[in-house]
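Okay, structure first, notes after.
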Amino acid sequence: MIRGEKVVVERHVEVGRDPGNAPIFEWVAEEVDDVLVAPGGLADVIESNRPDGAQVTFTLHFPKGYPANLRGARVSVRGQAPLDVIGDPQRYTEANTPGRWSMPVEVGRTDG
């Protein structure tokens, strides 16, 4: 049986206004259980100014019923530093997802 993992999703949320009426943002975290974690491809960064660079990527499959939009969010997987959500993840239609997971989300960062 396939089992998902717990991940931490962080969103940049407006939490108030400063004295000049400009928005104040903070990262707000929530735990999400039952997320399938698939390692992405491993690649060295081919740039002359980053000889030790490497990309870290995962494809995460969020469970049906997860309501939030993940555009602009970041996700911590297996206790690692947060990875940026790539693009604007969209859900599959319910009719085309017989399993428990309906939203693939690519996340990644470049180290080095």
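Please treat every number below as a calculation from the coordinates, not as lab data. These numbers were taken from a predicted model, which means no experiment stands behind them. Please note: Cβ atoms are built from the backbone with ideal geometry, for glycine as well, and neighbour counts cover all protein chains shown.
Points to keep in mind about this one:
- Mean separation of Cα contacts under 8 Å (6+ apart) over length of the chain, as relative contact order %: 26 percent
- Here the 3J(HN,Hα) profile of region 31-38, calculated from phi with Karplus coefficients 6.51, -1.76 and 1.60 at θ = phi - 60°, is 8, 10, 9, 6, 9, 6, 10, 10 Hz, Gly and Pro shown as x.
- If only the Cβ of Lys and Arg carry +1 and only the Cβ of Asp and Glu carry -1, the dipole of region 5-111 around its Cα centre is close to 240 debye.
- Highest average first, the peptides 77-83, 89-95, 14-20 ordered by how many other beta carbon atoms sit within 10 Å of their residues are 77-83, 89-95, 14-20.
- Take the Kirkwood radius over Cα pairs of the chain, plug it into Stokes-Einstein at 4 °C and 1.567 mPa s, and you get 83 µm²/s for translational diffusion.
- Diffusion coefficient, µm² s⁻¹, Stokes-Einstein with Kirkwood Rh over alpha-carbon pairs of region 57-112 at 10 °C and 1.306 mPa s: 132 µm²/s
- Taking amide H as placed 1.01 Å from N in the peptide plane, the amide H of LEU36 sits under 5 Å from that of GLU5, HIS61, each at least 5 places away or on another chain.
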